[in-house]
Amino acid sequence: MLFTDPVFVGVSPAIHQKSFVYAAMDKNLSLVALAEGGLDEIVAFLAGQRTVMAAVNAPSGLNRGLAVEKKKEMFKSRKEKGSGGYRLAESELRTRGILVRGTPSTLGACPEWMKAGISLHRKLEKNGFVKYPADDETHQLFETSSHAGFCVLAGEAPLSKASLEGKIQRQLLLYENGVGIKDPMDFFEEITRHKMLKGTWPMELLYHPDQLDAMVAALTAWKVTHKPESVCQVGDVKEGIIFLPAQYLKEKY
């Protein structure tokens, strides 16, 4: 699928299987593609676009111990604990109450979804993608965190992504931020006494958690292009920078 206009794509590794979910949006935040595929399929789709900004919901690199080094500098003590299992970006988010997963220092210690995400970053770079920000480059990518993205959009930690309430909350956050998707409030209009008795809920009106993760990543890709002043970042280029769809981070979520 080739788009002649610039597209903004969010990619999220599927947690329970070896594949990726991707969402593509146009300049108007209309959802123009929402699909799932393997590593090679995703790379082919992204590399085949004329102009694309891609946001990957997975670490771009391994833990290099920068968070530990920062702690040592702050406390001047080798006994300081609490950051060894997290990259600097992850540690900074967790201190604010955004409980993202930590990235190990070796690939073998990473869970499968994280390995897949790191592989995607590396393969895209081999296929001509450059890390954002890069002026006049048609194929750029960066790292984001979908969980952290929903936290900053909501102003607090969202409900469980697996729950019905959590799905509706995330979909509503996207809808209220201008993403051209189904209004999740229609879900309630479709519920009747008969449907509740029969257990036939209108689940087709709601998106799957992996799809929502890809969408908030795509929204972030759109924002770094059209409204860079509404995006913040944490981390270090040596280890990985996480971009998020908010102007600034609160002290606590």
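The values are calculated or read from the model by the stated rules, or taken from the named source; none is laboratory data. What you are looking at is a predicted structure, and each value in this text was computed from that prediction instead of being measured. Every residue, glycine as well, gets a Cβ built from its backbone with ideal geometry; the counts of neighbours run over all protein chains shown.
Before moving on, here are some points about what is shown:
- Residue check for PHE150: surrounded by 14 or more Cβ atoms within 10 Å (Cβ to Cβ) and under 22 Å from PHE3 (Cβ atoms): no
- When each of GLU90, GLU143 is tested for being touching a Lys or Arg at 6+ places or on another chain (Cβ under 8 Å), among the charged types (D, E, K, R) and surrounded by 19 or more Cβ atoms within 10 Å (Cβ to Cβ), the lone residue that passes is GLU90.
- Residue under evaluation GLU125, criteria (1) in contact (Cβ under 8 Å) with a residue 60 or more places away in the chain; (2) part of a helix (DSSP H, G or I); (3) over 18 Å from LEU212 (Cβ atoms), criterion not met: (1)
- Residues of region 179-211 classified as among the hydroxyl-bearing types (Ser, Thr, Tyr) and either modelled with pLDDT under 90 or on the phi > 0 side of the Ramachandran plot (or both), total: 2
- In region 20-61, the residues that are in a loop (DSSP other than H, G, I, E, B) and aliphatic (A, V, I, L, M): LEU29, ALA58
Residue-wise test of (1) closer than 28 Å to SER19 by Cα; (2) more than 22 Å from the chain's Cα centre (by Cα); (3) outside any loop (DSSP other than H, G, I, E, B); (4) free of Cβ contacts under 8 Å to residues at least 60 places away in the same chain.
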{"position": "GLY178", "(1), (2), (3), (4)": "yes, no, no, no"}
{"position": "PHE188", "(1), (2), (3), (4)": "no, yes, yes, yes"}
{"position": "HIS194", "(1), (2), (3), (4)": "no, yes, yes, yes"}
{"position": "LEU197", "(1), (2), (3), (4)": "no, yes, yes, yes"}
{"position": "LEU212", "(1), (2), (3), (4)": "yes, no, yes, no"}
{"position": "ALA217", "(1), (2), (3), (4)": "yes, no, yes, no"}
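- Any chance GLY149 is touching a Ser or Thr at 6+ places or on another chain (Cβ under 8 Å) and modelled with pLDDT of 95 or more: yes
- Tally, over region 205-239, of residues that are under 22 Å from GLY61 (Cα atoms), surrounded by fewer than 23 Cβ atoms within 10 Å (Cβ to Cβ) and of a type in the set (Ser, Thr, Tyr): 0
- Any chance ALA157 is among the aliphatic types (A, V, I, L, M), in a loop (DSSP other than H, G, I, E, B) and modelled with pLDDT under 95: no
Table: residues versus (1) within 13 Å of the chain's Cα centre (by Cα); (2) not in a helix (DSSP H, G or I).
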{"site": "PHE142", "(1), (2)": "yes, yes"}
{"site": "GLY166", "(1), (2)": "no, no"}
{"site": "PRO184", "(1), (2)": "no, yes"}
{"site": "LYS238", "(1), (2)": "no, yes"}
